[in-house]
Amino acid sequence: MSATRCYCGGELVGEGFPVSEISEWAAEPGTTVWADFTSPTAEDLADIEAELGLHHLAVEDAVTHFERAKIDRYDTHLFLVAYDAFLPDRSAELSTTAVKAFIAPNAVVTVHGPEFDMGRVVQRWDHDPDLARHGVAFLLWGLLDEIVDRHFDAVQQLDGELERLEDVLFDERPRPREVQRRSFELRKSLVLLRRVVLSMREVVNTLMRRDLEAFDEQMQPYFVDVYDHVLRATEWTDSLRDLVTTILETNVGIQGNRMNLIMKKVTSWAAIIAVPTAITGFYGQNLPYPGSGTAAGFWTSTALILALSIALYVGFKKKDWI
């Protein structure tokens with residue numbers, strides 16, 4: 001699947017034309033062409049490779065999975081690899097998908113999987129038509145801005161998951177296994193998200209270099225704004241990772257406190273139970289003692305059991321051991 005557009009003088013002058021006509025549209029002065037491919041093969045990109053003179057190594061990377069986020073510079077174009085991040089179906093497990101782009105002086109070609117919604121990028125372009133006169137820089141800014149905003153959405157969702165985890169942590173009914181499992185999922189997602197956001201910082205920083213002649217200087221503040229958002233997403237991600245660590249440590253501390261409380265209660269009741277055991281054991285010995293074989297002896301032992309047990313209970317209660 002592919003989509004195409006052509007801008008001229010800041011106006012959208014054509015879309016939906018065949019890939020084979022890109023060179024004809026791009027030949028017009030002041031035009032900028034965009035083409036989009038969803039899960040293409042090397043054969044699918046053969047026409048665009050010939051039309052724009054793309055380097056075969058860049059085309060090979062475009063159809064290869066698990067490429068690191070980067071920006072490569074070739075003689076006729078740049079090649080960009082970035083990663084979109086999202087949380088599907090309110091899950092705490094982060095998913096990522098690669099978004100790749102060939103950036104020529106008057107053309108941008110995007111390559112991505114079906115998970116990435118390019119329609120949102122197109123809407124962003126249409127929302128700021130006055131910037132279309134900046135050509136390639138405008139198209140690339142809209143793409144990167146949308147990806148970074150998605151990073152923010154993922155961070156915000158993970159923040160919400162952490163708040164719900166805090167509620168579970170301090171629930172009156174202990175759920176330590178759930179806390180540990182969800183903490184592990186969140187930490188795993190945050191580590192992956194941090195890796196994605198950090199790589200995006202390097203990509204945007206490289207694009208902001210002024211020696212890239214393909215970019216309009218007037219778009220520089222917009223890329224600076226994207227870079228600022230990347231830094232904020234990175235700081236937010238780091239703070240959430242620290243918070244997950246704190247939650248895990250707090251969970252361990254809470255379990256230790258609960259265990260100490262249980263041990264205090266068990267020990268206190270064991271001390272109370274030891275009183276009647278000692279008294280009945282003493283009165284059960286085969287030796288004469290005061291009250292032996294009489295009702296007075298029975299009532300004396302019973303009174304001792306009750307008095308000492310109550311005294312221990314009151315003492316432990318005051319110390320909050322029971």
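Need pairs with beta-carbon distance below 9 Å; first residue free of Cβ contacts under 8 Å to residues at least 60 places away in the same chain and in a helix (DSSP H, G or I) and within the stretch 233-244, second surrounded by fewer than 19 Cβ atoms within 10 Å (Cβ to Cβ) and β-branched (Val, Ile, Thr); sequence gap 6+ or separate chains.
These pairs meet every condition: ARG241/VAL191.
Are there any pairs, at least 6 apart or on different chains, whose C-beta atoms fall under 8 Å, with the first in the stretch 186-210 and under 14 Å from TYR227 (Cα atoms) and the second in a helix (DSSP H, G or I) and aromatic (Phe, Trp, Tyr), and if so, which?
ARG201/TYR227; VAL204/PHE223; VAL204/TYR227; ASN205/TYR227; LEU207/PHE223; MET208/PHE223; MET208/TYR227
Taking HIS127 as the residue in question, decide whether it is closer than 30 Å to GLU28 by Cβ and out of contact with any Phe, Trp or Tyr (no Cβ under 8 Å at 6 or more places or on another chain).
yes
Taking into account only those residues within the stretch 21-51 that are assigned to a helix (DSSP H, G or I) and surrounded by fewer than 16 Cβ atoms within 10 Å (Cβ to Cβ), which is farthest from the chain's Cα centre (by Cα)?
First, the residues of the stretch 21-51 that are assigned to a helix (DSSP H, G or I): 21-26, 46-51.
Right, trim to surrounded by fewer than 16 Cβ atoms within 10 Å (Cβ to Cβ) and you get 21, 24, 46, 50.
Values: GLU21: 41, GLU24: 44, ALA46: 36, ALA50: 39 Å.
Restricting to residues being assigned to a helix (DSSP H, G or I) and surrounded by fewer than 16 Cβ atoms within 10 Å (Cβ to Cβ), the top hit is GLU24.
Please go through the stretch 189-205 and pick out each residue that is exposed (fewer than 15 other Cβ atoms within 10 Å of the Cβ) and either modelled with pLDDT of 90 or more or of a type in the set (Val, Ile, Thr) (or both).
Correct list: VAL191 only.
Of the residues ALA132, ALA104, ALA98, which single one is modelled with pLDDT under 90, under 18 Å from ILE71 (Cβ atoms) and out of contact with any Pro (no Cβ under 8 Å at 6 or more places or on another chain)?
Details: ALA132 fails: under 18 Å from ILE71 (Cβ atoms); ALA98 fails: modelled with pLDDT under 90.
Being modelled with pLDDT under 90, under 18 Å from ILE71 (Cβ atoms) and out of contact with any Pro (no Cβ under 8 Å at 6 or more places or on another chain) holds for just one of ALA132, ALA104, ALA98, which is ALA104.
The values are calculated or read from the model by the stated rules, or taken from the named source; none is laboratory data. As the structure is a computational prediction, the values presented were derived from the model and not from experiment. Neighbour counts are summed over all protein chains in view; Cβ atoms, including those assigned to glycine, are modelled from backbone coordinates with ideal geometry.
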